[in-house]
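Note sheet for the following structure.
The values are calculated or read from the model by the stated rules, or taken from the named source; none is laboratory data. Keep in mind that this is a model prediction, so the values were computed, not measured. Cβ sites come from the backbone with ideal geometry, for glycine too, and all protein chains shown count toward neighbours. The area values use the complete protein model at the heavy-atom level, side chains included, leaving out ligands, DNA and RNA. Shrake-Rupley method; radii C 1.70, N 1.55, O 1.52, S 1.80 Å.
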Amino acid sequence: SNLAKVYFIANMFEDSIDSDTEALKYFPMNLEARTSRGGTNIILGKYKEAANDYLKVFEKDEKDIFADAYTGLSKVLAADESAVDGGWKVMVDRLEERLPKTEAMKFGNNPKFNERLKRMHLCMFRYHDVKTMDVDLAWEHLSKGLHYKMLNAESYDIENERMRVQTTKQIFQPGIWPDGVGSNKKVPIFIVGFVRSGSTLLERILDSHPMIVGTGEDSVFNGRLDVIRNAVVSAANENDFGKLQSTINMLANEVITMTRDRWKKLESRSRDKSHTETKKNPKRFVDKMLSNYNNVGFIHMLFPKALILHVVREPMDTLFSAYKHDFPSGHLDKTSSFGSLAQMYDGYRQLMDHWDATLPGRVTHVRYEDLVQDPSGIAKAVIAATGLPWDEGVLSFHKKKHAVNTLSTTQVRKGVYKDAINSWKKYEKQLKPLVDMIGERANYRHPTTLAGYQRPTRVGTTGGNIISKSSYDK
């Protein structure tokens, strides 16, 4: 239902399920509501309930109009195959029968057929990737799925992207940040990085602290960036230091106030009050809009004391994870093509190198590999970096009830996992063209720079965690 969508967007997942359930009471054949409820149940970790909804859609949807049911069921199967009676066979049998027929029916560049075929092939990729381990078949389906996806995508202007990165680097040079300007408040914590870098894991660890709230990618700062940019430029042009200082303080306070108010509003409307009970007066709010790596210059201008955390992950693990993921249609479509993905990654690396050079030590780097192999060590160091006291509950972040609406939903619910390290190696042959495109960027040996953090160096067991080698050890 439309109301369920409103609740879903607002992260009010229990309310979204109630709304879809109410709609199904009056219209049991409402497959859109059933598919919607299945997706929300995945976020809440209710895999059996989600599977039941998707299977009901399969029963009634003879024309595969609701192809996202394939996507949802494949997510359930990958997370917990036992949640589906008959396991993978239920979905695979259906796809092996219907996929060839659907491709035979396709004519011209039909966006609806492209979307349907994309979902079907990506589900078969997931099946062969996690179940049969047939690399060649998995890659064949991945390539076909992404081919259909790119047929619906807007063209990507690589030259425009290059110019944007260069312009940012030219503008934000030493001296552009006046001494004494900016808010002294440390309320926002910014997590930046490339997509699929492990940022959700870091946010959930932070959110498990009773005085920290994770707001996901619902970024007030990013949403107000045009307002911030225009106001700063206007004040700077007046050559009045006092005016510039007051303008920047006002902008910083607006970001904090709007972030807090938005959180209060969402929590007050939610049925699940468990999160609110433990977060009566949050001292920090986590902004996980990863693309803010483009905006570190403005972040530093408004919040020179705020913590900026950059999640660094093995380049090819990051790139393969981004390449194979079906992001919502939009600017991340470019991750589904080697050429545009390589250019996007190069721009990201250029900007992170630039911030390190122009604002030494301003950005705190956190290695994903350290995060998954030494979670307790990273957790303690990152909480210390926030300036807040340690809380033992942080180490049980994956047991928290608070829902996670992200492409990493099922992974975060599993807690810390290490099988994603060097996961690209399985497809090393197929990914060689991408490796060649990024050249020396295939290495990123930036260590974790959290104050006081010492990475375990012995390969073995430490604190219950297995420490293994990745390429950044080499």
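Results, tabulated for the structure shown:
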| read-out | value |
| --- | --- |
| 5 angstrom amide H check on His310, placed H, neighbours 5+ away | Val192, Thr364, His365, Val366 |
| Alpha-carbon radius of gyration plus Dmax, which is the widest Cα pair, for segment 179-223 in Å | 12.5, 36 |
| Separation between Cα centres of segment 79-152 and segment 28-54, rounded to whole Å | 20 |
| Antiparallel content of DSSP bridges confined to the chain, in %, to 5 | 20 |
| Whole-number D in µm² s⁻¹ for segment 119-242, Kirkwood Cα-pair radius fed into Stokes-Einstein, 25 °C, 0.890 mPa s | 125 |
| For segment 52-164: rounded, prolate or oblate by the Cα gyration tensor [a/c cutoff 1.5] | prolate |
| All-pairs alpha carbon distance profile, segment 1-59, 5 Å steps from 0, percent | 4, 24, 33, 25, 12, 1, 0 |
| Reachable aspartates and glutamates, given that their alpha-carbon falls under 20 Å from the alpha-carbon of Lys265 and they are not under 8 places away in the same chain | Glu14, Asp15, Asp18, Asp207, Glu217, Asp218, Glu254, Glu277, Asp287 |
| For the chain, Kirkwood radius (reciprocal of mean inverse C-alpha pair distance, Å) | 23.9 |
| Calculated SAXS-style log₁₀ I(q)/I(0) at q = 0.20 Å⁻¹ - segment 1-117, Debye, Cα scatterers | -1.08 |
| Heavy-atom accessible area per residue - segment 292-369, 1.4 Å, Å² | 22 |
| Helical contribution to [θ] at 222 nm, DSSP H n ≥ 4, -39,500 (n - 2.57), averaged over the chain, rounded to 500 | -17000 deg cm²/dmol |
| Percent RCO, i.e. relative contact order, over segment 1-104, from Cα pairs under 8 Å lying at least 6 residues apart | 18 |
| Order by protection proxy (mean Cβ within 10 Å, highest first), peptides 62-68, 198-204 | 198-204, 62-68 |
| Amide H partners (placed H, <5 Å) of Leu388, local residues excluded | none |
| Cα-based reach from Lys60 at 16 Å (exclusive), listing aspartates and glutamates while leaving out same-chain residues under 8 positions away | Glu32, Asp68 |
| Across Lys186/Lys380; Lys63/Lys131; Lys149/Lys288; Lys144/Lys432; Lys5/Lys56; Lys112/Lys334, pairs whose alpha-carbon gap is larger than 22 Å | Lys63/Lys131; Lys149/Lys288 |
| Alpha carbon convex hull of segment 243-397, volume per residue in cubic angstrom | 170 |
| Projected area, mean over directions - segment 209-273, Cα convex hull, nm² | 5.5 |
| Sites matching GluC sites (Glu not before Pro) across segment 233-338 that sit in DSSP coil, with at most 11 neighbouring C-beta atoms within 10 Å | Glu238 |
